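Visitor: To start, I am sharing the structure in question, which I have written as structure tokens.
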Amino acid sequence: MANPSLQKAAWLMLAITITTAAAWEIHLRKSGASISYDETGPLWAHHRKKVYMPSEEATVFIGSSRNKFDLDTKTWQDLTGETPIQLAQEGNCPLPVLDDLANDKNFKGKLVIDVTEGLFFDIFPGNRIEINNALKYYKEESPAQKLSFYINSFLESKLVLLDKEYFSLSAKLKALQIPNRKGVFEFPIFPMEFNHVNFERQSWMTDRFVNDTSLQQQVQKVWLFVFDMLKNIPPLSTHDLDSVFASIKNNVDKIQARGGKIVFVRTPSNGPFWMGEQMVFPREKFWDRLLATTRCAGIHFTDYPVLKELICPEWSHLTPADAVVHTKELVRILHEEKGWKFSTIKSR
Amino acid sequence: MVFNSYTFIVFFALVLTLHYLPLAWKTKKINLLLASYLFYAAWNPPFIILLWLSTVIDYVVGKKMYTETHVAKRRLLLFISLAGNLGLLAFFKYGGFLLQNFTGLCQLAGIDFQAAKPDIILPVGISFYTFQTLSYTLDIYLRRSEPEKSLLDFSLFVTFFPQLVAGPIVRPGQLIPQFKQPHTATREQMLQGLFLLSLGLFMKVVLADSLLAGPANSMFGSNQLPSTVDAWAGVLAFSGQIFCDFAGYSTCAIGIALCLGFTLPDNFLYPYAATGFSDFWRRWHITLSSWLRDYLYIPLGGNRKGHARTYINLMLTMLLGGLWHGANWTFVVWGGLHGFYLWIEKFIDDKTGLVKNMVQSGKKTIAAFTYALFTFFLINITWVFFRASDFASASKVLKGMFGLHKGEAILTTLDLIKAFTIIAGIFIVHWLLRNSKVLTVAYKAPWWVIGIVWALLLLLLIWSQESTSSFIYFQF
């Protein structure tokens, strides 16, 4: 075996690997791709650890993707002087996180809960998988995983090719969209211009998405697919709905008893999405009851002219520019109408 | 920490740097020992105490047992070692299982006994290092070897990080002598080690995690009744996943040790090209099957006490081997099925010698290929019990595989393609290389072919981005 063949092979391997990876990175950047972070387990756990910051220094956000798109973290930080801690998880019900925070005696801070009824009231099957995985990861994270997270985050901040959501092997194979047999369930994919995630876990759509109606229509088709799914799912029984409200009230009471502050927020949605939501989740039966049961403050976008006018290009999430408008209005309402105090209110 | 993590890359780079500094050999061994403790503590620091406990018990007991001449006292010392090691294993791994079965028995007897579900975390790799230390005391008890004088060398034998948590299960004679002399890798060994590490990571990250875990999890996790195609695709995907996951780990372990200048025994030799079940167990998790053979099957009497006892010993070994894998009756059935296959094979072989001749000749005949395919078919049936969480799920999958119910389409076309093509690829590679070793093949190929293949492994590794999932065998 004592021959030099592996040395030559190793040099060739290095040359091919470095050249190909570099070419792939350059190609992606030239095609307009930008840095995006994997928002699951490790990054979620990283932000979850910050909830113990004093309430005058931070606000925690939980919910679904709307909270992640519609809250501009930089605007929030600039206006309030406080750190926004984004713990919302796209496509997931926020109640496991509410439960986690309520049972964490050290959490006494401010909490903004996004209410996307279809996810919040827990009627989609499997809409707790990612958030439960994230919570499990947070509770079981090993020292080795912590270090890996910091290295991974550094690399993700430098390399576009590490966008797992769109450029990984699995994502590329799925993007082939090979037709399935009848009856096979497969969730459709979103165009890659739709969802990018920064280190603060804020989601944003690209300029191309904002300006390209065909891309927006692709996402609208995904929502129509979701509505079709919804048709096959029986509505929550009165008993189940009562249990959901009771559980929310119980958790809200625990946090408020420790001095925490909670506000529910119904972020904008438009078009057929909003129409469908109104039909399935009439305001008086869900939103109004939620506020009445929990005795918490609430901000519904239809109650505020500025929010009501905001347009979601794909019916459900705001553009980065409108996220700034939304965040400013949110801070104003919280400060002026809901009695929330912030370290520094600079200006609207 | 897991090999497929950024933390391990940093850790390994530091260990290699320290190992190749001009330091005394003893200092290097201390470095390796501390690194091994750090490697283990990076999961759950308190569990390091279990490693120390196991090390101290066996070191002390081994020394005393060797000098003790009184039979009863020797047995007592052996009991202490067994109780210490197996006691920890029983508590952490089988505590919940025993309690669950006890509760079940009470209810069968009409006694209303409800036990609180124990909240026990399984220390990573406890089954592996327990068996490794047990072999040390058993060898001394059986007068096969002498106790190790150096606590440092013994501690390193118990803790050596490349194989600490998922094997290969190393015997004292295979590793401790290597600690006696300075060991560093030559440049060629270093490259061989890095090549094996790349191959192992490719198997784990790309094949097992990125491509095969999806179809296997979708089929086994579905509430629907699977159609025949879906059931087979899911089982075949798991068959590939478990092989690539575990053999991938072993390949990494061997490669990492080689980079440090140490040699670990082979743990897998193309098992899916096995012609028969005795051949399969000479190719799958070799260090466990040889451990079970030497410390369970042979002490039970092996084949020395007549036909009937041979069959019983064989079955007992396989049943316990099954239970070693997990605290669930499904694992026992998995072991039992292997025992049953071995029975039939032995029965036929005793009459005709067909299988033995086929294995011994090693020729790639059509008959051998057909028998390898048949063996693989039967192995897949056993994997159903290994993967299913309970017998109801296993029954559902088996019925699907044999078309005993009208199942539904579950897997996507992409999942079907992944499962069938990758498994076909694995089977063909195993068949073609069944009589050789990876490095031998690598050296026979032109250097540029190896260079391209090696680059492809790494590029796919980067591309797959599945960086931190645990190895399946860690839970065992």
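The values are calculated or read from the model by the stated rules, or taken from the named source; none is laboratory data. Just so it is clear, the structure is predicted and the values come from calculations on it, not from any experiment. A quick note on method: Cβ atoms are made from the backbone with ideal geometry, for glycine too, and the neighbour counts reach across all protein chains shown. For accessibility, only protein heavy atoms count, side chains too; no ligands or nucleic acids. Shrake-Rupley method; radii C 1.70, N 1.55, O 1.52, S 1.80 Å.
Visitor: Collect the residues in segment B:189-207 that are open to solvent by less than 30 Å² (accessible area, probe 1.4 Å) and at the interface with another protein chain (Cβ under 9 Å from one of its Cβ atoms), keeping them in residue-number order.
Guide: Hits for segment B:189-207 are B:L191, B:Q192, B:F195, B:S198, B:V206.
Visitor: Check segment A:110-130 and report whether any residue there is β-branched (V, I, T), free of Cβ contacts under 8 Å to residues at least 60 places away in the same chain and more than 10 Å from every other protein chain (Cβ to nearest Cβ).
Guide: Yes, segment A:110-130 contains a residue that is β-branched (V, I, T), free of Cβ contacts under 8 Å to residues at least 60 places away in the same chain and more than 10 Å from every other protein chain (Cβ to nearest Cβ).
Visitor: So, one more: Conditions first: (1) assigned to a loop (DSSP other than H, G, I, E, B); (2) more than 24 Å from A:H335 (Cα to Cα); (3) among the polar types (S, T, N, Q). A:T17 passes all but one, so which condition is the exception?
Guide: The single condition A:T17 does not satisfy is (1).
Visitor: If you don't mind, another one. Which residue out of B:W291, B:W343, B:W324, B:W383 is touching a residue at least 24 places away in the same chain (Cβ under 8 Å), in contact with a helix residue (DSSP H, G or I) (Cβ under 8 Å, 6 or more places away or on another chain) and open to solvent by 40 Å² or more (accessible area, probe 1.4 Å)?
Guide: Every option except B:W343 fails the conditions.
Visitor: Check B:N217, B:N223 and return the single one that is within 12 Å of another protein chain (Cβ to nearest Cβ), open to solvent by 30 Å² or more (accessible area, probe 1.4 Å), closer than 26 Å to A:V184 by Cβ and part of a helix (DSSP H, G or I).
Guide: Residue meeting the stated conditions: B:N217.
Visitor: If you don't mind, another one. Among the residues of segment A:142-157, write down those that are farther than 12 Å from A:D38 by Cα and touching a residue at least 60 places away in the same chain (Cβ under 8 Å).
Guide: Within segment A:142-157, A:Q145, A:S148 meet the criteria.
Visitor: Which count do you get for residues in segment A:55-90 that are closer than 25 Å to A:N250 by Cβ and outside any helix (DSSP H, G or I)?
Guide: 13
Visitor: Please note which helices (runs of 4 or more DSSP H) are completely contained in segment B:344-463 and include at least 1 residues that are within 11 Å of chain A (Cβ to nearest Cβ).
Guide: Result: B:413-433, B:438-444.
Visitor: Can you go through B:K63, B:K73 and tell me which one is of a type in the set (K, R) and surrounded by fewer than 13 Cβ atoms within 10 Å (Cβ to Cβ)?
Guide: Being of a type in the set (K, R) and surrounded by fewer than 13 Cβ atoms within 10 Å (Cβ to Cβ) holds for just one of B:K63, B:K73, which is B:K73.
Visitor: Please find, among A:K105, A:K139, A:K49, the residue that is outside any helix (DSSP H, G or I), modelled with pLDDT of 90 or more and either of a type in the set (A, V, I, L, M) or open to solvent by 40 Å² or more (accessible area, probe 1.4 Å) (or both).
Guide: Of the residues listed, the single one that is outside any helix (DSSP H, G or I), modelled with pLDDT of 90 or more and either of a type in the set (A, V, I, L, M) or open to solvent by 40 Å² or more (accessible area, probe 1.4 Å) (or both) is A:K105.
Visitor: Now, a different point. Just to be sure before I move on: is B:T468 more than 28 Å from B:P168 (Cβ to Cβ) and either at pLDDT below 90 or within 13 Å of chain A (Cβ to nearest Cβ) (or both) in the structure I sent?
Guide: Criteria not met by B:T468.
Visitor: Now, a different point. Scan segment A:225-257 residue by residue and report those that are over 18 Å from A:L291 (Cβ atoms) and of a type in the set (D, E).
Guide: Answer for segment A:225-257, where residues must be over 18 Å from A:L291 (Cβ atoms) and of a type in the set (D, E): A:D228, A:D240.
Visitor: I would also like to ask the following. A:N127 - would you say it is assigned to a helix (DSSP H, G or I) and among the polar types (S, T, N, Q)?
Guide: For A:N127, the condition - assigned to a helix (DSSP H, G or I) and among the polar types (S, T, N, Q) - is not met.
Visitor: Just checking, does segment B:407-421 include any residue being closer than 30 Å to A:K136 by Cα, open to solvent by 20 Å² or more (accessible area, probe 1.4 Å), among the small types (G, A, S) and in contact (Cβ under 8 Å) with a residue 24 or more places away in the chain?
Guide: No, segment B:407-421 contains no residue that is closer than 30 Å to A:K136 by Cα, open to solvent by 20 Å² or more (accessible area, probe 1.4 Å), among the small types (G, A, S) and in contact (Cβ under 8 Å) with a residue 24 or more places away in the chain.
Visitor: Testing A:G32 on (1) without any contact (Cβ under 8 Å) to a residue 60 or more places away in the chain; (2) among the small types (G, A, S); (3) on the phi > 0 side of the Ramachandran plot, one condition comes back false. Which one is that?
Guide: Single failed check for A:G32: (1).
Visitor: Of A:F273, A:F301, which residue is surrounded by 18 or more Cβ atoms within 10 Å (Cβ to Cβ) and in contact with a Lys or Arg (Cβ under 9 Å, 6 or more places away or on another chain)?
Guide: Residue meeting the stated conditions: A:F301.
Visitor: Would segment A:89-105 turn up any residue that is closer than 18 Å to A:L291 by Cβ and without any contact (Cβ under 8 Å) to a residue 40 or more places away in the chain?
Guide: yes
Visitor: Only one of B:G322, B:G302 is in a helix (DSSP H, G or I) and not hydrophobic (A, V, I, L, M, F, W, C). Can you tell me which?
Guide: Exactly one residue qualifies, and that residue is B:G322.
Visitor: Another question, then. Of everything in segment A:1-46, what is modelled with pLDDT of 90 or more, loosely packed, with under 14 Cβ neighbours inside 10 Å and more than 14 Å from chain B (Cβ to nearest Cβ)? Give them in sequence order.
Guide: Correct list: A:I26, A:K30.
Visitor: For segment A:200-240, which residues satisfy the criterion of being part of a loop (DSSP other than H, G, I, E, B) and over 16 Å from A:D70 (Cα atoms)?
Guide: A:D212, A:N232, A:I233, A:P234, A:P235, A:L236, A:S237
Visitor: Looking at segment A:148-171, can you tell me whether even one residue there is closer than 27 Å to A:A23 by Cβ, within 10 Å of another protein chain (Cβ to nearest Cβ), open to solvent by less than 20 Å² (accessible area, probe 1.4 Å) and not in a helix (DSSP H, G or I)?
Guide: yes
Visitor: Among the numbered criteria (1) more than 30 Å from B:I126 (Cβ to Cβ); (2) open to solvent by 20 Å² or more (accessible area, probe 1.4 Å); (3) without any contact (Cβ under 8 Å) to a residue 12 or more places away in the chain, which single criterion is violated by B:A392?
Guide: Failing condition for B:A392: (1).
For every residue, the table says whether it meets (1) among the charged types (D, E, K, R); (2) touching a residue at least 24 places away in the same chain (Cβ under 8 Å); (3) surrounded by fewer than 19 Cβ atoms within 10 Å (Cβ to Cβ).
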| position | (1), (2), (3) |
| --- | --- |
| A:K254 | yes, yes, yes |
| A:R258 | yes, yes, yes |
| A:F264 | no, yes, no |
| A:V280 | no, yes, yes |
| A:E284 | yes, no, yes |
| A:D288 | yes, no, yes |
| A:A292 | no, no, yes |
| A:C296 | no, yes, no |
| A:E309 | yes, no, yes |
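Visitor: May I ask you to list the residues in segment A:256-271 that are closer than 30 Å to A:Q217 by Cβ and assigned to a helix (DSSP H, G or I)?
Guide: A:G271
Visitor: Looking at segment B:158-175, which of its residues are touching a Phe, Trp or Tyr at 6+ places or on another chain (Cβ under 7 Å), open to solvent by less than 10 Å² (accessible area, probe 1.4 Å) and assigned to a helix (DSSP H, G or I)?
Guide: B:V158, B:T159, B:F161, B:L175
Residue by residue, here is whether (1) under 18 Å from A:I248 (Cα atoms); (2) open to solvent by 20 Å² or more (accessible area, probe 1.4 Å) holds:
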| position | (1), (2) |
| --- | --- |
| A:D99 | yes, yes |
| A:I131 | yes, no |
| A:F185 | no, yes |
| A:N198 | no, yes |
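Visitor: Residues to consider are B:A237, B:A233, B:A257; find the one that is within 12 Å of chain A (Cβ to nearest Cβ), modelled with pLDDT of 95 or more and open to solvent by less than 10 Å² (accessible area, probe 1.4 Å).
Guide: B:A233
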